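The values are calculated or read from the model by the stated rules, or taken from the named source; none is laboratory data. Just so we're clear, the structure is a prediction, and the values are computed from it rather than from any experiment. Neighbour counts run over all protein chains shown; Cβ positions are idealised from the backbone, glycine included.
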Amino acid sequence: MIGLFNDCFPPIMDGVSLTTQNYAYWLNKKAGNVCVVTPKSPDARDVEEYPVYRYSSIPIPMRKPYRLGFPRIDWPFHARISRVSFELVHAHCPFSSGTLAMQIAKEQHIPIVATFHSKYRADFERAIPSRLLVDYLIRKVIRFYEAADEVWIPQAAVEETLREYGYKGRVEVVDNGNDFAGVPSLESMRREARRELGLCSGEFMFLFVGQHIWEKNLGFLLDALALLPDVPFRMYFVGSGYANDELKQKVAGLGLSSKVTFVGSIVEREVLKRYYVATDLFLFPSLYDNAPLVVREAAALGTPSILIKDSTASEIISDSVNGFLSFNSTDAYAGRIREILQAPAVIRQVGEEALRTIARSWEDVTEEVYDRYSRLIKRKENR
């Protein structure tokens with residue numbers, strides 16, 4: 001059995017949760033020997049074709065809907081998981097699920113892969129006022145990755161963050177995929193989606209998908225949009241997070257209420273697909289993200305993104321080739337939007353190149369993942 005461990009899983013939706021879900025789905029289709037280990041969630045239904053083992057958890061204040069897991073004190077869970085014979089465990093998070101994966105790897109003498117997905121220091125600094133405690137927690141995170149047999153990162157630029165945290169070991173780049181790759185008839189789908197959303201001819205649509213948290217630079221984004229009073233646009237925010245109410249207040253304060261819509265979380269992927277395909281520009285000014293799935297999802301549907309130049313996430317973007325880059329100021333970001341909208345043919349061309357160069361299917365990614373797992377298992381057995 002291959003075990004995929006992460007501190008969240010659908011119905012809690014973020015990039016790492018979706019990565020874990022897609023790994024599980026496609027690895028199960030290929031080999032049928034995969035399970036997911038994750039904290040309990042009150043809304044979880046777990047109707048997947050593979051086992052999902054959940055352990056006790058409580059809500060994390062200020063980080064709704066995320067939960068803090070306690071696998072060590074959940075004895076019924078321990079009884080179930082102790083009966084599972086693993087060949088390899090893959091930790092997508094260094095906290096409760098990752099610690100459990102490390103323990104199982106040691107007890108069963110099997111390899112462990114650990115993927116570094118997130119900028120944990122930013123999360124710690126927001127929640128913890130003590131610099132000493134933040135430094136201590138980062139050292140614990142790095143010790144976790146140092147103990148893994150292999151450390152994976154979702155794109156090359158993420159290595160810089162790991163090195164800044166003090167990690168000195170080897171890393172392997174393993175791309176993220178997306179489940180929107182290979183969609184036919186994008187243009188007809190785009191027309192239908194725009195009609196369903198009630199978009200008028202000559203009206204531009206912008207989109208953000210992700211957690212509604214300040215770390216995503218959403219205040220910056222709203223300030224930039226406020227500098228475009230003469231541009232006919234509608235901006236849709238998809239997702240949820242602790243900053244949701246404050247963002248709505250900011251929208252009202254900036255006089256953007258008639259142009260900005262908060263959709264909430266969308267679990268149905270076909271519904272989300274229609275928002276992506278209807279969009280002219282995907283706006284993603286985050287400096288927090290390492291390798292955002294949402295930029296790849298937009299690309300798979302021919303929608304180009306505007307990112308901040310020199311951000312970690314922007315590594316996969318060549319400006320005006322397969323996406324757009326802006327300097328890190330609201331004036332520059334607003335100006336870039338205005339400039340791009342004046343060239344609809346360029347938007348289409350850049351979107352097509354994004355589709356060609358950025359979008360990679362999860363099926364293709366997990367073929368590579370399975371091969372890597374197999375080599376690592378054999379290497380461990382031969383020691």
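For the range 212-221, filtered to residues that are touching a helix residue (DSSP H, G or I) at 6+ places or on another chain (Cβ under 9 Å) and not hydrophobic (A, V, I, L, M, F, W, C), the residue that is farthest from GLY255 (Cα to Cα) is GLU215.
Filter the range 1-11 for residues that are surrounded by 22 or more Cβ atoms within 10 Å (Cβ to Cβ) and not aromatic (Phe, Trp, Tyr) and give the result.
Of everything in the range 1-11, those that are surrounded by 22 or more Cβ atoms within 10 Å (Cβ to Cβ) and not aromatic (Phe, Trp, Tyr) turn out to be ILE2, GLY3, LEU4, ASN6, ASP7, CYS8.
For VAL36, the conditions (1) in a strand (DSSP E or B); (2) surrounded by fewer than 21 Cβ atoms within 10 Å (Cβ to Cβ) are fulfilled apart from (2). Every condition in (1) closer than 30 Å to ARG121 by Cα; (2) without any contact (Cβ under 8 Å) to a residue 60 or more places away in the chain is met by ARG195 except one, and the failing one is (1).
Only a single criterion out of (1) crowded, with 19+ Cβ neighbours inside 10 Å; (2) part of a helix (DSSP H, G or I); (3) among the aromatic types (Phe, Trp, Tyr) is not satisfied by PHE237, namely (2). Note on the range 267-378: enclosed helices (runs of 4 or more DSSP H) holding 3 or more residues that are hydrophobic (A, V, I, L, M, F, W, C) and under 15 Å from the mean Cα position of the chain (by Cα) are 293-300. The set of residues in the range 212-233 being among the hydrophobic types (A, V, I, L, M, F, W, C), at pLDDT 95 or above and assigned to a helix (DSSP H, G or I) consists of LEU218, PHE220, LEU221, LEU222, ALA224, LEU225.
Restricting attention to the range 154-189 and to residues that are small (Gly, Ala, Ser) and without any contact (Cβ under 8 Å) to a residue 40 or more places away in the chain, the residue that is surrounded by the fewest Cβ atoms within 10 Å (Cβ to Cβ) turns out to be SER185.
Of all residues in the range 99-120, those that are at pLDDT 95 or above have Cβ atoms under 6 Å from Cβ atoms of residues that are among the charged types (D, E, K, R) and not in a loop (DSSP other than H, G, I, E, B), 6 or more apart or on another chain, in PRO111/LYS380; VAL113/GLU150. Among the conditions (1) more than 21 Å from SER286 (Cβ to Cβ); (2) out of contact with any helix residue (DSSP H, G or I) (no Cβ under 8 Å at 6 or more places or on another chain); (3) surrounded by 13 or more Cβ atoms within 10 Å (Cβ to Cβ); (4) not β-branched (Val, Ile, Thr), ASP371 misses just one, which is (3). Contact map, the range 8-34: first residue more than 29 Å from GLY241 (Cβ to Cβ), second residue surrounded by fewer than 18 Cβ atoms within 10 Å (Cβ to Cβ) and of a type in the set (Asp, Glu), Cβ cut-off under 7 Å, separation 6 or more or different chains; pairs are ASN28/GLU49.
Filtering ARG63, ARG54, ARG72 for residues that are assigned to a helix (DSSP H, G or I), of a type in the set (D, E, K, R) and not assigned by TED's automatic domain parsing to the domain that holds GLU297 leaves a single hit, ARG72. Go through the range 190-214 residue by residue and tally those that are over 19 Å from ASP280 (Cα atoms) and crowded, with 19+ Cβ neighbours inside 10 Å. Result for the range 190-214: 3.
Rundown of residues vs (1) in contact (Cβ under 8 Å) with a residue 12 or more places away in the chain; (2) more than 26 Å from ALA181 (Cβ to Cβ); (3) among the charged types (D, E, K, R), yes/no style:
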| site | (1), (2), (3) |
| --- | --- |
| ASP230 | no, yes, yes |
| TYR236 | yes, no, no |
| ASP245 | no, yes, yes |
| LYS248 | yes, yes, yes |
| ALA298 | yes, no, no |
| ASP331 | yes, yes, yes |
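Matching residues to (1) touching a strand residue (DSSP E or B) at 6+ places or on another chain (Cβ under 8 Å); (2) among the acidic types (Asp, Glu):
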| residue | (1), (2) |
| --- | --- |
| ARG234 | yes, no |
| GLY255 | no, no |
| GLU270 | no, yes |
| ASP280 | yes, yes |
| TYR288 | no, no |
| VAL295 | yes, no |
| SER305 | yes, no |
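Scanning the range 314-321 for any residue that is aliphatic (A, V, I, L, M) and not assigned by TED's automatic domain parsing to the domain that holds ARG234 turns up nothing.
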